[in-house]
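J.: Here you go, one structure.
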Amino acid sequence: MKDYHISEHTPSGSKFAIDYEKELNDQQRAVVSCGSGPILVIAGAGSGKTRTLIYRVAWLVENGAPPESILLMTFTNKAAQEMLRRVATLLKLDTLKIWGGTFHHIGNRMLRKFAKLSGFTSDFTIIDRDDSRTLMDSSTEAVIDKKARPKKFPRGNVLVDIYSYSVNTQQPLVDTVEQKYPYFMHLMEEIELILRKYSERKRKLNVLDFDDLLTYWKMLLEENESVRDWCEKRFSNILVDEYQDTSKIQGDIVDLIAKKNRNLMVVGDDAQSIFAFRGASFRNIIQFPERYPDAKTFKLEVNYRSSPQILHLANCSIACNAKQFHKKLAPVKKEDVKPAVIAVQNAIEQALFIGQHINELISQGYNYGDIAVLYRAHWHSMEVQMELTRQGVPFVVRSGIRFFEQAHIKDVISYMKIIANPKDELSWKRILKQCPRIGAVSAEKIWNFLNNSADPLKAVKSEAVYAFIPRGAEKGIQQLNFIIDALLEEDVKNSPSDMIPAVMEMGYAGYMEETYPNANARKEDLTQLSIFARQYASLTDFLSELALMTNIAGEEMAAAEAKEPSNDYVTLTTVHQAKGLEWKAVFVVWLADGKFPDEKSLGTSEDEEEERRLFYVAATRAKDSLFLMCPTTMQETNWDVVLKQSRFIKELDRDTYDEWQAMR
């Protein structure tokens with residue numbers, strides 16, 4: 001194992017192009033100048049992790065490591081390019097010989113080089129998610145005749161998600177279905193046949209999907225000694241960024257590459273491991289010292305982002321986790337105000353407080369771009385989006401589409417719209433195209449028939465409508481009529497709150513399960529929309545309010561969401577999407593048990609600890625001001641429910657925050 005004469009001592013600036021003593025703090029410098037062998041770097045939030053990695057690469061080169069001997073794996077190609085650009089600037093060096101990029105990017109390069117050994121030719125094509133879905137759909141048709149297909153059967157994008165999660169977690173397919181899609185367990189035999197056909201067709205077409213880049217890369221390393229030898233000789237220095245977010249298969253690949261020379265540095269923060277839902281393995285980082293008993297462990301604990309008071313609260317919170325590498329973030333910034341825990345009566349009052357306090361912050365000199373509202377689930381932002389629109393506060397949703405513009409929300413509202421206005425052409429066409437075998441052309445023909453009738457709601461039930469329906473689409477129209485009948489019931493048709501669950505129960509819930517990988521989250525969105533709708537006396541009032549709220553900002557806000565973040569807009573985002581970002585002022589909403597932490601996480605200590613890590617990430621996004629919002633009640637179907645304050649607030653030391661009471 002070559003160490004390029006790397007010293008274990010503090011580097012002297014005189015012999016190098018870079019003055020490491022001046023550019024780095026003591027903790028960073030210890031990492032950068034560490035010798036060879038396995039190295040674990042626990043990099044706390046805001047501690048200069050990226051800077052440390054950049055200077056480590058530079059340090060290796062200045063100590064004689066050939067650039068081509070360095071493998072830098074990151075979670076975005078942009079991150080790798082930026083790191084290498086900065087190394088090139090520091091050393092006035094061409095870094096093109098350094099292999100840097102995502103696991104998938106490196107996997108692609110490896111498979112191009114050793115394509116024949118994996119059974120592909122080097123000119124294979126990589127297909128994206130949409131192409132994967134299309135190929136999966138055609139594989140389904142090849143395996144199961146449409147007429148013999150069960151009524152509720154997973155569509156291509158759901159099957160792609162099942163396949164992807166199984167690959168990344170390296171768990172059996174049946175375990176993935178049981179864990180994430182239990183309502184499809186009775187179809188395991190069919191699912192296995194389809195995925196086998198999918199793999200066969202990819203090989204025949206000489207195409208790979210993103211997950212194949214990892215699968216076949218790992219296979220090459222496991223089954224071909226010549227590939228392992230090439231990697232061991234080529235990559236004598238391996239660095240992995242954001243190691244806490246690696247999946248099982250990515251962790252396995254890293255171990256295989258580093259198996260012989262063991263010259264591996266992994267950098268991450270176990271306290272920010274929050275992506276288990278998409279296949280990330282917390283065990284990769286927490287068990288690193290077990291897999292590499294001779295590993296040196298370093299901690300970066302100097303925080304350059306947040307105030308001492310915010311860090312005190314964050315340290316106090318994460319200390320409650322049993323499984324972790326203990327560390328304590330130390331602030332560089334001066335003393336500031338304590339975080340505030342704000343008790344509010346309900347979601348409406350929570351949104352009102354946020355809108356008013358944002359305006360106060362603006363009057364104090366903040367820009368809108370200095371402020372963020374973070375939430376555990378997308379539906380948590382519903383009332384906030386409505387209230388900010390009412391108050392004229394410009395905002396951009398970074399966690400996805402605005403709540404009321406999501407496909408499943410618009411689908412259900414379309415059913416409600418045709419009850420309120422049976423001549424609503426756009427809503428009819430949207431609903432019709434949900435029916436199997438009815439596309440844009442057929443929907444147009446059916447609509448023309450309905451539009452020429454006196455009452456479209458009656459006409460869609462008539463025998464005459466079947467003249468315009470493609471063969472095989474009859475069941476879909478019948479299902480549509482079941483939903484319409486349910487919405488026309490006397491005790492339902494004037495209650496927007498009751499109409500939403502009626503649409504779900506009469507068939508739309510099943511449609512979501514077979515159509516969307518995240519069907520459960522979408523069901524929760526609709527349940528909360530139903531609760532939200534209770535405040536409206538009539539269907540007309542509800543639909544009018546939605547129309548006003550979603551159109552009031554018009555094209556201006558749509559354009560804003562297409563731009564990079566700026567000082568002109570408050571950011572609304574989930575905590576997951578906020579990781580790696582920072583703002584001067586942060587509001588964290590719905591801090592109540594069952595909401596944050598999420599109810600589904602309260603069954604096991606492992607899940608609860610991940611939720612606490614999520615809270616830690618939320619808190620450490622704030623530089624100066626942190627507002628923790630705690631609603632005390634929420635509406636359920638027919639009554640208000642008293643909420644327990646989030647355990648993540650209750651377990652904090654009392655000196656970590658101030659208590660505020662929202663003014664009514």
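J.: Among the residues of segment 451-463, is there at least one that is modelled with pLDDT under 90 and touching a Phe, Trp or Tyr at 6+ places or on another chain (Cβ under 8 Å)?
T.: There is no residue in segment 451-463 that is modelled with pLDDT under 90 and touching a Phe, Trp or Tyr at 6+ places or on another chain (Cβ under 8 Å).
J.: Within segment 162-182, identify whether any single residue is touching a Phe, Trp or Tyr at 6+ places or on another chain (Cβ under 6 Å) and in contact (Cβ under 8 Å) with a residue 40 or more places away in the chain, and answer yes or no.
T.: No.
J.: Take the residues in segment 430-483 that are touching a residue at least 24 places away in the same chain (Cβ under 8 Å) and of a type in the set (Phe, Trp, Tyr), then tell me which one is least open to solvent (accessible area, probe 1.4 Å).
T.: Among those that are touching a residue at least 24 places away in the same chain (Cβ under 8 Å) and of a type in the set (Phe, Trp, Tyr), it is Phe468.
J.: Same structure again: Any residue at all in segment 138-150 that's among the polar types (S, T, N, Q) and more than 22 Å from Tyr511 (Cβ to Cβ)?
T.: No, because not a single residue in segment 138-150 is among the polar types (S, T, N, Q) and more than 22 Å from Tyr511 (Cβ to Cβ).
J.: Looking at Val160, Val174 in this structure, which one is in contact with a Ser or Thr (Cβ under 8 Å, 6 or more places away or on another chain) and over 19 Å from Asp255 (Cβ atoms)?
T.: Val160
J.: Which number in (1) part of a helix (DSSP H, G or I); (2) open to solvent by 10 Å² or more (accessible area, probe 1.4 Å) marks the one condition that Ile285 misses?
T.: (2)
J.: If the requirement is being crowded, with 16+ Cβ neighbours inside 10 Å, in contact with a His (Cβ under 9 Å, 6 or more places away or on another chain) and farther than 25 Å from Pro631 by Cβ, which of these qualifies: Pro331, Pro308?
T.: One residue alone meets the criteria, Pro331.
J.: Is it true that Asn157 is in contact with a Lys or Arg (Cβ under 6 Å, 6 or more places away or on another chain) and either open to solvent by 70 Å² or more (accessible area, probe 1.4 Å) or in contact (Cβ under 8 Å) with a residue 12 or more places away in the chain (or both)?
T.: It is true that Asn157 is in contact with a Lys or Arg (Cβ under 6 Å, 6 or more places away or on another chain) and either open to solvent by 70 Å² or more (accessible area, probe 1.4 Å) or in contact (Cβ under 8 Å) with a residue 12 or more places away in the chain (or both).
Conditions tested, residue by residue: (1) out of contact with any Pro (no Cβ under 7 Å at 6 or more places or on another chain); (2) in a helix (DSSP H, G or I).
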residue: Leu426; (1), (2): yes, yes
residue: Ala454; (1), (2): yes, no
residue: Ala467; (1), (2): yes, yes
residue: Gly476; (1), (2): no, yes
residue: Asp485; (1), (2): yes, yes
residue: Glu490; (1), (2): yes, no
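J.: Name every residue in segment 26-51 that is of a type in the set (A, V, I, L, M), surrounded by 20 or more Cβ atoms within 10 Å (Cβ to Cβ) and not in a loop (DSSP other than H, G, I, E, B), in order of residue number.
T.: Matches in segment 26-51: Val31, Val32, Ile39, Leu40, Val41, Ile42, Ala43.
J.: Same structure, new question: State whether one or more residues within segment 520-531 are part of a helix (DSSP H, G or I), among the hydroxyl-bearing types (Ser, Thr, Tyr), touching a Pro at 6+ places or on another chain (Cβ under 8 Å) and surrounded by 18 or more Cβ atoms within 10 Å (Cβ to Cβ).
T.: Yes, that holds for at least one residue.
J.: Same structure again: Residue under question is Asp294, and the condition is that it be in a helix (DSSP H, G or I), surrounded by fewer than 23 Cβ atoms within 10 Å (Cβ to Cβ), more than 20 Å from the chain's Cα centre (by Cα) and in contact (Cβ under 8 Å) with a residue 12 or more places away in the chain; does it hold?
T.: No; evaluated as a whole, the condition is false for this residue.
J.: Next question, about the same structure. Please specify each residue of segment 232-256 satisfying the condition of being touching a residue at least 40 places away in the same chain (Cβ under 8 Å), more than 16 Å from Ala295 (Cα to Cα) and assigned to a helix (DSSP H, G or I).
T.: Correct list: Arg234, Gln244, Asp245, Lys248, Ile249, Gln250, Asp252, Ile253.
J.: OK, next. Taking only pairs six or more apart or across chains, which ones have beta-carbon atoms under 9 Å, a first residue in segment 526-550 that is closer than 18 Å to Val397 by Cβ, and a second residue that is at pLDDT 85 or above and open to solvent by 50 Å² or more (accessible area, probe 1.4 Å)?
T.: Met549/Arg390
J.: I've got another one for you. Being open to solvent by 40 Å² or more (accessible area, probe 1.4 Å) and closer than 19 Å to Glu611 by Cβ narrows it down to one of Ala319, Ala314, so name that one.
T.: Answer to the selection: Ala319.
J.: Right, another one. Out of segment 399-424, which residues are touching a helix residue (DSSP H, G or I) at 6+ places or on another chain (Cβ under 6 Å), in a helix (DSSP H, G or I) and touching a residue at least 24 places away in the same chain (Cβ under 8 Å)?
T.: Answer for segment 399-424, where residues must be touching a helix residue (DSSP H, G or I) at 6+ places or on another chain (Cβ under 6 Å), in a helix (DSSP H, G or I) and touching a residue at least 24 places away in the same chain (Cβ under 8 Å): Phe403, Phe404, His408, Val412, Tyr415, Met416, Lys417, Ile418, Ile419, Ala420.
J.: Name the pairs: first residue in segment 91-107 and farther than 13 Å from Thr74 by Cα, second residue crowded, with 17+ Cβ neighbours inside 10 Å and among the charged types (D, E, K, R), Cβ to Cβ under 9 Å, at least 6 apart or on different chains?
T.: Note: pairs meeting the criteria are Leu91/Glu62.
J.: Give me the residue from segment 579-629 that is open to solvent by 20 Å² or more (accessible area, probe 1.4 Å) and among the aliphatic types (A, V, I, L, M) and, out of that set, nearest to Ser399 (Cα to Cα).
T.: Leu581
The values are calculated or read from the model by the stated rules, or taken from the named source; none is laboratory data. Model, not experiment: these values are computed from the prediction. Here Cβ is always computed from backbone atoms with ideal geometry, including for glycine, and neighbour counts include all displayed protein chains. Surface areas here come from the heavy atoms of the whole protein model, side chains and all, with no ligands, DNA or RNA. Shrake-Rupley method; radii C 1.70, N 1.55, O 1.52, S 1.80 Å.
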